[in-house]
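The values are calculated or read from the model by the stated rules, or taken from the named source; none is laboratory data. Because the structure is predicted, anything quoted here is derived from the model rather than measured. A quick note on method: Cβ atoms are made from the backbone with ideal geometry, for glycine too, and the neighbour counts reach across all protein chains shown. Areas reflect the complete protein model, heavy atoms only, side chains present, ligands, DNA and RNA absent. Shrake-Rupley method; radii C 1.70, N 1.55, O 1.52, S 1.80 Å.
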Amino acid sequence: MCRQRADDLPAIPVALIEHRSAINPLGVKGVGESGAIPGAAAIANAVEDAVAHLGVTVREVPVTPAYLHALLDEARAGAR
């Protein structure tokens, strides 16, 4: 079995092409939001892992206490 590694790949040429924003005087664009996107999903997955043994599946965020209690009640009702 032949395994490829990152250092086996050829060099990939990269070019930086700047596109200034036309909606502000500095021409800058925001990028800070992209780091916040996966946080809610990670928390929901952690909560689901913690209560999976109770038959709970988390399907939406945010996982509020009220939502979690409703899921737990649903799981208990289904287990009867």
Task: Relative counts (whole %) of C-alpha pair distances in segment 33-80, using bins that are 5 Å wide - done: 4, 23, 29, 21, 11, 6, 4, 1, 0
TODO: On a 0 to 90° scale, report how tilted helix 65-79 is relative to the longest principal axis of the chain, with both axes built from alpha carbons and the result rounded to the nearest 10.
DONE: 50 degrees
Task: Computed [θ] at 222 nm, helices only, for the chain once each DSSP H run of length n ≥ 4 contributes -39500 (n - 2.57) - done: -12500 deg cm²/dmol
- [ ] Would you tell me the accessible area of residue 34, worked out with a 1.4 angstrom probe on the heavy atoms of the protein chains, in Å² to the nearest 10?
- [x] 80 Å²
Task: Within the chain, longest stretch clear of exposed GluC sites (Glu not before Pro) (DSSP loop, no more than 14 other Cβ within 10 Å) - done: 19-59
Task: Debye, to nearest 20: dipole size of the chain, +1 on Lys, Arg Cβ, -1 on Asp, Glu Cβ - done: 60 debye
TODO: Please report, to two decimal places, log10 I(q)/I(0) for the chain at q = 0.12 Å⁻¹ as given by the Debye formula with identical point scatterers on the Cα atoms and no solvent.
DONE: -0.70
Open item on the list: Can you sort 54, 72, 26 by solvent-accessible area, 1.4 Å probe, largest first?
Closed with: 26, 54, 72
Open item on the list: Please report the accessible area of residue 53 (heavy atoms, 1.4 Å probe, ligands and nucleic acids excluded) in Å², nearest 10.
Closed with: 140 Å²
Open item on the list: Using a 1.4 Å probe on the protein heavy atoms only, what accessible surface does residue 7 show? Give it in Å² to the nearest 10.
Closed with: 100 Å²
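Based on the alpha carbons, how large is the Rg to Rh ratio for segment 14-56 when Rh follows Kirkwood?
Rounded to two decimals, Rg/Rh equals 1.37.
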Task: Acute angle (nearest 10 degrees) that the helix 37-51 long axis makes with the longest principal axis of the chain, alpha-carbon atoms - done: 30 degrees
